[in-house]
Structure formats: C-alpha cells, structure tokens
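Below: the structure, in structure tokens.
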Amino acid sequence: MVKNLSQTRALGKCISKLLKKGDLILFTGDLGAGKTTLIRETLSNLGVDKRLVTSPTFSILHQYDGADMPIVHGDLYRIGEGGDLVETGLYDYIDQGTYLVMLEWAEFLEESARQDLAPLEIEISFPPLGDSDERIVEFRANMNSWEQRLILLKECLEKEGITIEGAGS
Ligand SMILES: Nc1ncnc2c1ncn2[C@@H]1O[C@H](COP(=O)(O)OP(=O)(O)OP(=O)(O)O)[C@@H](O)[C@H]1O
Ligand SMILES: [Mg+2]
C-alpha cells in the first residue's frame, strides 16, 4: 500500500533496481490509478527524463533510451479486447529480449500470452476507503526468475517505510 506520491516515487526506485533487459512488466488496475505515474518514477531511475514519460494511450508505444537498455512503454487501452497487437510491433520488441517492456492496460493481452511471456504483473487500484492519494499495488509473478527479485523488492520497500501486506505472491 502506498500512501502518497512520494511513496510511489520510492516504490519506483525500488522497482527500478530489479529490472533487466528482456523483462516484461504488465500493469493492470483501475482507470487513472497511477500506472503511468509509477512507470515514470521507475524509469527516471533508469536514466530516462521524466518529461518524456507520458501516457502512450494514443500512440500505443513509446520508446526511450535508458542508461543500460532501450525501453518500450506501451498502453493497450485504445487497442482494446481482440485488437491486433502484432501490428503494433509489440511482440517484436518482446521477442528481441534486449528491451525492457512496460505495458499499461495489460488486461487486454490474452491470458495465454500473459502466461507464455513470463511477466511480472503489477496491479494498481484505489482502496475502498482511505485518502485520495492512497493506492494498493499488488505484485504477481509465476516465474522463478522473479522470486529472488521480489524478495529484494520487499527489503527495499521496508527500508522506504512502505507497508507490505499479505504473502506477496
Ligand atoms: N500515490 C499515488 N500514486 C500514483 N499516482 C497518484 C498517487 N496519488 C495521486 N496520484 C495521481 O493520480 C493520477 C494517476 O494518473 P496516471 O495517468 O498515472 O494513471 P493511469 O493508471 O496511468 O491512468 P490510465 O488508466 O488513464 O492509463 C495522477 O494525477 C497522479 O498525480
Ligand atoms: Mg496511463
């Protein structure tokens, strides 16, 4: 649970330490909950100018030059369900394994694709009660390759004073 924007900034810093080229991070959750904001805070720790990180809702894919790797930031909202993802070139970026790919509105990816691509999934939602700047951020991953990294994430979050709930699977 992040309490405000400054904790979202700290969360972005913690996430940025985990990421490597070839990673696929899928963002899901409530409309306007803060996906773009968290991606901006994360990428600013990877050498991307914050001003460049804007919502790719209309362009679908943005590309940035990170310090250690090229980055693709996508948003499937406008493509919607059953849209033609192949045309966007998204899969080419993922398959190359040299990009860090961060995708908003990943609920529009087919479930089978989500399984195959071994992503880290980050869901951001508004708590039912609470301050307007509070967000619930959930992490999910099936792949072993994320297990160790999620432990590191937890350690970082504890240091930043971010409250962790649940098993954190
Ligand atoms: N703790 C917080 N974390 C993230 N954003 C916050 C927080 N508190 C307030 N906000 C505000 O919430 C808004 C989130 O907007 P943002 O565009 O990041 O959401 P989004 O999930 O990408 O939206 P969309 O569903 O349209 O893609 C911003 O205006 C941001 O300043
Ligand atoms: Mg967005």
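Here, each number is a calculation from the coordinates, and none is a lab measurement. What you see is a predicted model, and the numbers here were worked out from it, not measured in a lab.
Here are the numbers for this structure:
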read-out	value
Cα-based equivalent ellipsoid, the range 44-136: semi-axes from gyration tensor eigenvalues, Å	22, 19, 13
Antiparallel %, DSSP beta bridges [both residues in the chain], to 5	45
Pairs from 13/159; 35/159; 17/154; 20/154; 20/159 whose Cα-Cα separation, in the structure shown, is over 20 Å	35/159; 20/159
Ellipsoid equivalent to the chain - semi-axes via the Cα gyration tensor, in Å	23, 18, 17
Alpha carbon centroid spacing (whole Å) that separates the range 80-144 from the range 1-71	12
5 angstrom amide H check on residue 23, placed H, neighbours 5+ away	101
Placed amide H near residue 76: partners under 5 Å, 5+ positions off or other chain	104, 105
